[in-house]
Every structure is written in C-alpha cells, then in structure tokens.
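I have placed the structure first, in the form of structure tokens, so that the comments after it can refer back to it.
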Amino acid sequence: MDEIRSTITPEIKLQMELSVAIANRIYDILEAKGMSQKDFARLMGKTETEVSRWLSGTHNLTMATICKISSALNADVVKVAAYDEEHAIA
C-alpha cells in the first residue's frame, strides 16, 4: 500500500482530498437539515445509488452538479476565497 501511495501525484492527492471534503460538506448540510440520503436523492431527481457514489468522496463531481446541489440544498457546498485585487497576480 505504501508503494501505491508513493506513486500518487500531488495533484491527484489534492483532488482526492477535495472530493472527500465536498462529500463531507454535503453530509453536514444534510444532517443540519435533517435529511437522509434517500431524501436528498429524491430532491435531486437521482437514484440513491448515484447519490451514494457522490457521497463516497471518490466521485468527480462537475461544477454544474455542485451548483445544482448547492441550489437544491440552499447552502454553499464550496466556497472560494474572495478575490483580492491588491494581491492579484498580473
């Protein structure tokens, strides 16, 4: 297993970490709203199996899907730090 881990690029590692963080954020929102995965699947018009894949943290969600989830749950799933013109790269 250590040998496999050593072959993972920093980009892939970051992608995996972000995917898990997004899945955890969705779980937190669902819990705060008292919703089950089944409720969430129904709300999204998806199967429970598809939602389960999303929440596994291994599915590569598109920006469009993240926006649909945020809209459906009326909560930010992903936040991006505010743009600061003073520190912008030219």
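Side notes on the structure shown:
- Tabulated pairs, the range 68-80, first more than 12 Å from residue 30 (Cβ to Cβ) and without any contact (Cβ under 8 Å) to a residue 12 or more places away in the chain, second surrounded by 10 or more Cβ atoms within 10 Å (Cβ to Cβ) and among the β-branched types (Val, Ile, Thr), C-beta under 8 angstrom, 6+ apart or interchain: 70/77; 70/78
- Candidates are the residues of the range 63-90 that are closer than 19 Å to residue 16 by Cβ and not in a helix (DSSP H, G or I); the one that is modelled with the highest pLDDT is 77.
- Residues being out of contact with any helix residue (DSSP H, G or I) (no Cβ under 7 Å at 6 or more places or on another chain) and surrounded by 15 or more Cβ atoms within 10 Å (Cβ to Cβ) - total across the range 55-65: 1
- Residue 60 passes every criterion in (1) assigned to a helix (DSSP H, G or I); (2) within 16 Å of residue 21 (Cα to Cα) apart from (1).
- Residue within the range 41-48 that is surrounded by 14 or more Cβ atoms within 10 Å (Cβ to Cβ), part of a helix (DSSP H, G or I), at pLDDT 95 or above and within 14 Å of the chain's Cα centre (by Cα) present: no
- Scanning the range 33-57 for residues that are of a type in the set (Asp, Glu) and either within 21 Å of residue 18 (Cβ to Cβ) or touching a Leu at 6+ places or on another chain (Cβ under 7 Å) (or both) yields a single hit, 50.
- The sole residue among 19, 6, 36 that is within 18 Å of residue 67 (Cα to Cα) and either touching a Lys or Arg at 6+ places or on another chain (Cβ under 6 Å) or of a type in the set (S, T, N, Q) (or both) is 19.
- Top-ranked residue of the range 1-30 - restricted to ones that are of a type in the set (S, T, N, Q) and closer than 22 Å to residue 55 by Cα, ranked as surrounded by the most Cβ atoms within 10 Å (Cβ to Cβ): 19
- Selection within the range 31-40 - of a type outside the set (A, V, I, L, M, F, W, C) and either touching a helix residue (DSSP H, G or I) at 6+ places or on another chain (Cβ under 9 Å) or surrounded by 14 or more Cβ atoms within 10 Å (Cβ to Cβ) (or both): 33, 36, 37, 38, 39
The values are calculated or read from the model by the stated rules, or taken from the named source; none is laboratory data. Computed from a prediction, not measured in an experiment: that's the story for all the values here. When we count neighbours, we look across all protein chains shown, and the Cβ atoms used for this are built from the backbone with ideal geometry, even at glycine.
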